[in-house]
1. Can you tell me how much longer the chain between Arg191 and Glu144 gets when fully stretched, taken as 0.36 nm per residue apart minus their C-alpha distance, in nm with one decimal?
2. Efficiency by 1/(1 + (r/R0)^6): what FRET value for Asn117 and His61, r their Cβ-Cβ distance, R0 = 22 Å, to the nearest 0.05?
3. If you average the C-alpha positions of segment 491-567 and of segment 59-98 separately, how far apart do those two centres end up, in angstrom?
4. At 1.4 Å probe size, with every protein chain present, just tell me what the per residue accessible area of segment 1-88 comes to in Å².
5. For segment 299-394, which GluC sites (Glu not before Pro) pass both filters: DSSP loop (anything but H, G, I, E, B) and at most 13 other C-beta atoms within 10 Å?
6. DSSP loop trypsin sites (Lys or Arg not before Pro) in segment 543-594 with at most 13 other Cβ atoms within 10 Å of their Cβ, which ones?
7. With every protein chain kept in place and ligands, DNA and RNA left out, what is the accessible area per residue of segment 373-530? Probe 1.4 Å, answer in Å².
8. Which whole-number value in Å² is the accessible area per residue of segment 211-359, probe 1.4 Å?
Amino acid sequence: MTADSAMSGVTFIPPGKLRCVITDRLRNDTPEENVRQRVARSLIDHYGYSPEDIAVEFTVHLGTSRRRVDLAVFPPDTDHKAENAIILVECKRESVGPTDENNGVEQLKSYMAACQNCRFGMWVGSELQVWERTVNPLGGYDNELATDIPRFGADAPIPPRFSDLVPAEDELVSVFRRCHNYIYGNQGLQREPAFHEFLKIIFCKVQDENDITRPLRFFIGNAERRSAIGQGRLRQSVEELLADVRSRYPYIFGDDATLDVANPVLAYIVGELQRFSLIQTKADAKGMAYEQLVGANLRGDRGEYFTPRTVCTMAAAMLLATFPQDQWLTIDVLDPAVGTGGFLVALMNVWHDHINGLERNRWGEDDRRVEDETQRRVHDIASTHLFGVDFNPVLVRAAQMNLVMHGDGSTNVYHANTLLPPGEWPEDEPNNVQRNVRMGGFDAILTNPPFGDKIQIDDPHILAQYSLTLGRSSVPPDQLFIERSLQLLRPGGRLAIVLPDSILTNPGLLEVRRWILNHARVIASIDLPVETFQPHTGTQTSVLLLQKKTDQEMAIELAAGRPYPYEVFMAMPRAVGHDRRGNPLYRRTPEGDLIETAEPHSVFRRNPDGNTVVETATRQRRIRHDELPDVARQFQQWVSVPERMRWLNG
């Protein structure tokens, strides 16, 4: 099959190639090319320029030599000549810095000088820099650092209205990474403090979007960025937003929370984020960007490995499928090793889709009303029925922030060691774990507990609570979390838990498996691909979906001398969406061609009269090679058989 063959919107790309969003031609799949394609898509989707007015690898003359600039933007209906170029863009791989001798911003400035009417230049690598060509008092030209290039129809960046903001998609990962690295590299902070400073600014951005009583304040223009007074005004605006954030989320940000970044650093971050609407960005895009950001700051030295979103989504969908749909929005759910909140966010996303369907039946084609009502109900349900606990205070805050970004439930995330005796859990507000997390108080638990031989629990005071210790003096925490999770469930409750395969296969752990079978039914066992947690750890893992037995059921089986026979759903997916190095894995034909499908998407443009219009276009998108959604769908069909639903729900 060739790249030009297409059927029902499907195209095939040969190995080592990707399709250019400007020319629709094939180009070599390199790190630099991927950066260029992301920027090119942003010029179309976010800035409103037409592909017909953008040239790829445009030739400029530097003296007697000819060079190629990655992207050049021209006014509509003009020839693509150097004297007509108004914006130039130079793209580098993310490891290249702006001061690089051969590939830094000086290269971009030389290209701008060769195009006499070029006013703006954008350099993208380890950070994003925009330069504006201005006339100096002597009649010559200077290149001055700017915040952003103008949108189509404007001469310079102007303060946006909410309708001007565009949802971020694939680009958000790169934007978040550049912002975090900029704070890390220019503020003198270590990675973890830089991470928290960036999250403060993100919260200010979201607060600005949510405040419908005032014009947007999260903005800095080109002239303001070059002015100490302008940067000071920006800081005042963002500090006002942070005060509102502290008031709204006192359990995340204390009264003493301040912006510990310099004004130029703040101006850079605001310039990167100001054109996007984070509250309108799809949950998947925000989740991926947040996952990348947190993962860069999570070392995994305590067995804490970020659970891939696709695993969280599969587990959440399977767990809910075991309950009748009329109970989905009323069950109490806990993650006792919540980490950054991935499982709870995944459950909220499943709720969101379910509620959206219900609201669609009520409001029909009124999209705004449907989404507003969906978000309101998700917020209320999550704030009432979602709970999380973690021993690591850094992860508790990360989980709270993650939940806020996805609709809330953040007030119910607490700091405690779940494995301690419940009487030793904190009871001081707002971290009153004893009052809000009760033994036998939950209908469902989703969790990926810390695992690994290097983090054994050997405190006799802790081990004395558990029968699964089986007389051992030290036990891995993942085994104790199995018993603690079942203790936290009501009889008949469900537990979806990620476990190392050693628990399921090691002959020395036969008694652990026997204990599990005596206290719970195995509803499903999913053998995850070896790449699931790579490149962080090669530990082979599975997802077990269990149902806690009642005391009566255990007594009957004990008297019978054997468990009651039942069916178990089992699956061995082969792909999880990324390879062993953590790089995205996409579906291909048997010949190795990359498969792309046509997908509608919205393009936001500002007309010359200043009004924002939304156009629908079609984009070719790669398909992740991830079989976990298929597993979830097959399980939903399997468990929906009336006899199985009656068996699970009495």
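The values are calculated or read from the model by the stated rules, or taken from the named source; none is laboratory data. Just so it is clear, the structure is predicted and the values come from calculations on it, not from any experiment. Using ideal geometry, Cβ is built from the backbone for each residue, glycine included, and neighbour counts are taken over all protein chains shown. To get the accessible areas, we keep the full protein, side chains included, count just its heavy atoms, and leave off ligands, DNA and RNA. Shrake-Rupley method; radii C 1.70, N 1.55, O 1.52, S 1.80 Å.
1. On the way: separation 47, 0.36 × 47 = 16.92 nm, distance 2.95 nm.
Difference between extended and current length: 14.0 nm.
2. Details: r = 15 Å, r/R0 = 0.67.
Result of the calculation: an efficiency of 0.90.
3. Answer, in whole Å: 60.
4. 49
5. Working: sites: Glu304, Glu359, Glu365, Glu371, Glu373; in loops: Glu304, Glu365.
In loop regions of segment 299-394 (DSSP not H, G, I, E or B), the sparsely surrounded GluC sites (Glu not before Pro) are Glu365.
6. Details: sites: Lys548, Lys549, Arg574, Arg580, Arg581, Arg587, Arg588; in loops: Lys549, Arg574, Arg580, Arg581, Arg587.
Of the trypsin sites (Lys or Arg not before Pro), the ones in loops of segment 543-594 whose Cβ has at most 13 other Cβ atoms within 10 Å are Arg574, Arg580, Arg581.
7. Details: 5900 Å² over 158 residues.
With the other protein chains kept in place, segment 373-530 gives 37 Å² per residue.
8. Working: 5540 Å² over 149 residues.
So segment 211-359 comes to 37 Å² accessible per residue, rounded to a whole number.
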